[in-house]
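Structure first, commentary second.
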Amino acid sequence: MSILFSDFQKAQRIGDGHLLASCLAPVNTTSDPKRLWSFSQLTNYQAVEADIRWHIIQDQNAVRREKAEANQWVQVFICLWKCIRELANIETGQGGRWNVAFQAYKELCVALCRGYSHCGFQAWTVHCMDVAGKYLRVLASKADSESTNAVESGSGFVNGLSDDVAENSEKNEKLMEAARTLSQMISTCRNDDSDLAESRKWGIISVANHLFKTYFKLNNISLTKHVILMLESPGVNLPPLSAFPRSQHCTYSYYRGVLEFLKENYVGAEAHLSEALTICHRNATKNQEQILTYLIPAHMLTSQQLPSRATLERLPALRELFLPLCTAIKAGNLSAFDAALSDAEADLVNKRIYLTLERSRDMCMRNLCRKVFMNSGYEETKDHSTGEVTARTRRTRLKISEFEVAVRAAYRNSVEPVVIERDEVECFLANMIYKGYMKGYIARDHGMVVLSKKGDAFVGTGV
């Protein structure tokens, strides 16, 4: 008997969902490095149904199940064999095709849905949906690459199924098919009225995460709306998100945060991304970098605060991305800010955070205005009767010309000459006040800016 069928029967006997799900993974394993080849040689196209039926139903070690359930598991493994047969041929260079492997695995996913809906698959087996969704998405990506002649040779098969596959295909037909199948799998998990303890709803978040990844790879973010509706609309009666495995909870919160970020709901984005970062594994550095890539810009806009240098130093990718910008913002150096934004433009656009970080220019302008305020000197308060100085407070009435000089000095080292007019400086100051970065008003008739005397003239700086 194949090790794969041995694991299947063992999983059915002891009710181990993770072991059962591992049987559906079309990859070689450490314990069985020739798993693909050995399983592909188990039978042939003429005898595949009879041979698999014998291993699942008729073998003396087979676990007895209801007829409909057993027959449906036969159909699942027939699809798995067809997929693995193609993958084994790709691995050995014998002419297998990713498109055929994908179609077979898609049929496996459909057979799983049918098994849960009509054939009595038990809820403890729902981990199979997670594994099936993962490899369906990856096989779809490889099939699309093959269709555009961009696929690599099959010699590196294990690396070929990496989640980091990122070929750019002009056509994404298979990925779209995978997305529709994943939506069907979500509906299968969602439409279960059983008690939560025995419900297949426990598989819905992992499948939703795979669908999010598929839509992001398709660069079709708008399609994620129906996923959120399926999971968060009233009356769905899902278990609380915190009850799911932390890995699934973290991934779902990350994608929800990114979606809110792209909708420019930075408060909502910060809430979801902060939750994801809190439960992210402390050694998962790459995941932390992905979360913070969106959390840092969101936090900068919602709280007008920069990330700590310790945070950036701990994660090299983020240090390279954000440190030049943060240094310029902290110094109120407008020309350095523009230069840093321009140098990292390609990377920032690719990560969809360029426009958000461009808005942090207001923070840079605020810090420049703050420097003007801090260097403007003090006003003395004297006793009317004795003429003695009783207090010294910072000047809160500053000439617009002082800010004009500072802005021109900030652009002095720009690569291209920048002409700053007085009206433009007034516009900058008005925007600072309107957006809440400064507290005060402009006395235009007197050419003055009157700032708050309560110690909160520049919000977020303690001044």
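The values are calculated or read from the model by the stated rules, or taken from the named source; none is laboratory data. Fair warning: this is a prediction, and the values are worked out from it, not measured in the lab. Here Cβ is always computed from backbone atoms with ideal geometry, including for glycine, and neighbour counts include all displayed protein chains. Ligands, DNA and RNA are stripped out before the accessible areas are found, and what is left, the full protein with its side chains, is counted by its heavy atoms. Shrake-Rupley method; radii C 1.70, N 1.55, O 1.52, S 1.80 Å.
I'd like the full set of residues that are open to solvent by 80 Å² or more (accessible area, probe 1.4 Å) and within 11 Å of Leu325 (Cβ to Cβ), limited to segment 337-357.
Asp343
With respect to Gly160, is the statement that it is modelled with pLDDT under 95, open to solvent by less than 60 Å² (accessible area, probe 1.4 Å) and in contact with a Gly (Cβ under 9 Å, 6 or more places away or on another chain) true?
yes
Give the residue, chosen from Ala68, Ala50, that is in contact (Cβ under 8 Å) with a residue 12 or more places away in the chain and assigned to a helix (DSSP H, G or I).
Going through Ala68, Ala50 in turn, the sole match is Ala68.
Has segment 379-391 got any residue that is among the β-branched types (Val, Ile, Thr) and in contact (Cβ under 8 Å) with a residue 24 or more places away in the chain?
Checking segment 379-391: not a single residue is among the β-branched types (Val, Ile, Thr) and in contact (Cβ under 8 Å) with a residue 24 or more places away in the chain.
Examine segment 217-224 for a residue that is under 12 Å from the mean Cα position of the chain (by Cα) and closer than 30 Å to Asn191 by Cβ, and state whether such a residue exists.
Yes, segment 217-224 has at least one match.
Could you please find all residues in segment 336-388 being of a type in the set (Gly, Ala, Ser) and under 22 Å from Ala317 (Cβ atoms)?
If the condition is that a residue be of a type in the set (Gly, Ala, Ser) and under 22 Å from Ala317 (Cβ atoms), then Ala336, Ala339, Ala340, Ser342, Ala344, Ala346, Ser360 are the ones that fit.
Could you list, in sequence order, all residues of segment 216-275 that are small (Gly, Ala, Ser) and part of a helix (DSSP H, G or I)?
Across segment 216-275, the qualifying residues are Ser222, Ser242, Ala243, Ser247, Ser253, Gly257, Gly268, Ala269, Ala271, Ser274.
Among the residues of segment 28-39 satisfying the criterion of being assigned to a helix (DSSP H, G or I) and open to solvent by 40 Å² or more (accessible area, probe 1.4 Å), which is nearest to Arg137 (Cα to Cα)?
Trp37
Looking only at segment 1-27, filter to residues that are at pLDDT below 90 and not in a helix (DSSP H, G or I); which one of those is surrounded by the fewest Cβ atoms within 10 Å (Cβ to Cβ)?
Met1
Going residue by residue through segment 118-131, is there one that turns out to be among the small types (Gly, Ala, Ser) and crowded, with 20+ Cβ neighbours inside 10 Å?
Looking for residues that are among the small types (Gly, Ala, Ser) and crowded, with 20+ Cβ neighbours inside 10 Å, one finds none in segment 118-131, hence no.
Can you confirm whether Thr327 is open to solvent by 20 Å² or more (accessible area, probe 1.4 Å) and among the hydroxyl-bearing types (Ser, Thr, Tyr)?
Taking the combined requirement at face value, the residue satisfies it.
For segment 40-47, indicate whether the set of residues that are open to solvent by less than 20 Å² (accessible area, probe 1.4 Å) and part of a helix (DSSP H, G or I) is non-empty.
Checked against the condition, which is being open to solvent by less than 20 Å² (accessible area, probe 1.4 Å) and part of a helix (DSSP H, G or I), segment 40-47 yields at least one hit.
Looking only at segment 313-357, which residues are acidic (Asp, Glu) and under 20 Å from Val425 (Cα atoms)?
Asp338
Could you tell me whether any residue of segment 213-226 is of a type in the set (A, V, I, L, M, F, W, C), out of contact with any strand residue (DSSP E or B) (no Cβ under 6 Å at 6 or more places or on another chain) and surrounded by 21 or more Cβ atoms within 10 Å (Cβ to Cβ)?
Among the residues of segment 213-226, not one is of a type in the set (A, V, I, L, M, F, W, C), out of contact with any strand residue (DSSP E or B) (no Cβ under 6 Å at 6 or more places or on another chain) and surrounded by 21 or more Cβ atoms within 10 Å (Cβ to Cβ), which makes the answer no.
Of all residues in segment 406-427, count the ones that are at pLDDT 80 or above and either within 24 Å of Asp343 (Cβ to Cβ) or open to solvent by less than 100 Å² (accessible area, probe 1.4 Å) (or both).
Result for segment 406-427: 12.
Kindly indicate the residue of segment 290-310 that is open to solvent by 40 Å² or more (accessible area, probe 1.4 Å) and in a helix (DSSP H, G or I) and also farthest from Glu358 (Cα to Cα) among those meeting that condition.
Per the criteria, the residue is Ala310.
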